[in-house]
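Notes follow once the structure below has been shown.
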Amino acid sequence: MKKSACIEMIFTEVDFYNRFKLAKEAGFTNIEFWSWDDKDLDRIKALCEEYGLTVASFSGDKDFSLVDMSHQSAYIDYVNQSIQAAQKLDCKNLVIHSNSLGEGGIVVNHYEEKSNYEKFGAMVSTLTKLATIAEEAGITLVLEALNTEEDHVGNFLAYTRDAVTAIKCVASPNIKILYDIYHMQLMEGKVINIIHENVEHIGYIHVADAPGRLEPGTGEINYTNVFKALSDVNYDGYIGFELMPSHDSMDVAKGLIALF
């Protein structure tokens, strides 16, 4: 398992571009962030080279929704741009979502006028078209379900089973799920069972404790047992620490490195 620090949430005491150095000093060799088109990719590339860091993932979508068929062409065009950005940074994973997210992760459109069948069908249709593109580019698109209890009210994709069903319909080795343990603890629990049942479909994992989205040990999730379960099923992908430190970022980050 490879540890990745989400520098959108960790080391926020300093400017974004100064967080690369701090991530390295904490012991990380992988970092991730959210949007890419508001950042200087050349500078990110240079900083990664300077500090021996790999970009593990960033967001591949933005203003468009998988569940809206009228967005299909624009969604695919934007993912293509994201793939080009990923190739520039030698990043192998792009995070995608069912709905467009605005400032603070607010779901832009709940699509209440559309049935769940219509939303699911649109999502699978667009993912199917993206599969060949991702395979040819050597990029994995990881589809993330989000909690609708606290952070992303109105998001269509809110359960692991639905994300897994969607990618099974597509049946591509380059379309997998991002299993965010914080989000899914709030929605469904049963973390260890879900890991055992779905490990072949998991392409990426995000970690934060619940409630609060702070570091492991601050909430109700037994991460000692969760990490053991991941080891038991031979998960060898990324563990992205997408969380808010409860105190000094460097202290928390060094603690994350020591977790496993």
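The values are calculated or read from the model by the stated rules, or taken from the named source; none is laboratory data. All of these numbers come straight from a predicted model, not from anything done at the bench. Here the Cβ is made from the backbone with ideal geometry for all residues, glycine too, and neighbour counts use every protein chain on show.
How many residues are assigned to a loop (DSSP other than H, G, I, E, B) and farther than 13 Å from A85 by Cβ when one looks only at the stretch 16-57?
In the first step, residues of the stretch 16-57 are kept if they are assigned to a loop (DSSP other than H, G, I, E, B); the result is 27-29, 33-40, 52-53.
Remaining after also requiring farther than 13 Å from A85 by Cβ: 27-29, 52-53.
Count: 5.
Taken over the stretch 58-95, the criterion of being part of a helix (DSSP H, G or I) and under 24 Å from I205 (Cβ atoms) is satisfied by V79, S82, I83, A85, A86, Q87.
Could you tell me whether V95 is surrounded by 13 or more Cβ atoms within 10 Å (Cβ to Cβ), free of Cβ contacts under 8 Å to residues at least 60 places away in the same chain, closer than 26 Å to P245 by Cα and in contact with a strand residue (DSSP E or B) (Cβ under 7 Å, 6 or more places away or on another chain)? So V95 does not fit the description; no. Consider the stretch 173-207 and keep the residues that are surrounded by 16 or more Cβ atoms within 10 Å (Cβ to Cβ) and among the charged types (D, E, K, R). The one that is farthest from the chain's Cα centre (by Cα) is E188.
Let's see how each residue does on (1) of a type in the set (V, I, T); (2) surrounded by 14 or more Cβ atoms within 10 Å (Cβ to Cβ); (3) touching a strand residue (DSSP E or B) at 6+ places or on another chain (Cβ under 7 Å):
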position: V14; (1), (2), (3): yes, no, no
position: F28; (1), (2), (3): no, yes, yes
position: D42; (1), (2), (3): no, no, no
position: D61; (1), (2), (3): no, yes, yes
position: K88; (1), (2), (3): no, yes, no
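Contact map, the stretch 21-36: residues that are free of Cβ contacts under 8 Å to residues at least 40 places away in the same chain paired with residues that are surrounded by 20 or more Cβ atoms within 10 Å (Cβ to Cβ) and in a loop (DSSP other than H, G, I, E, B), Cβ distance under 6 Å, separation 6+ or inter-chain. Pairs shown: I31/I7; I31/L53; F33/I7.
Close contacts from the stretch 42-67, counting a first residue that is farther than 23 Å from N155 by Cβ and acidic (D, E) and a second that is assigned to a loop (DSSP other than H, G, I, E, B) and modelled with pLDDT under 95, with Cβ to Cβ under 6 Å and a gap of 6+ residues or different chains, come to none at all.
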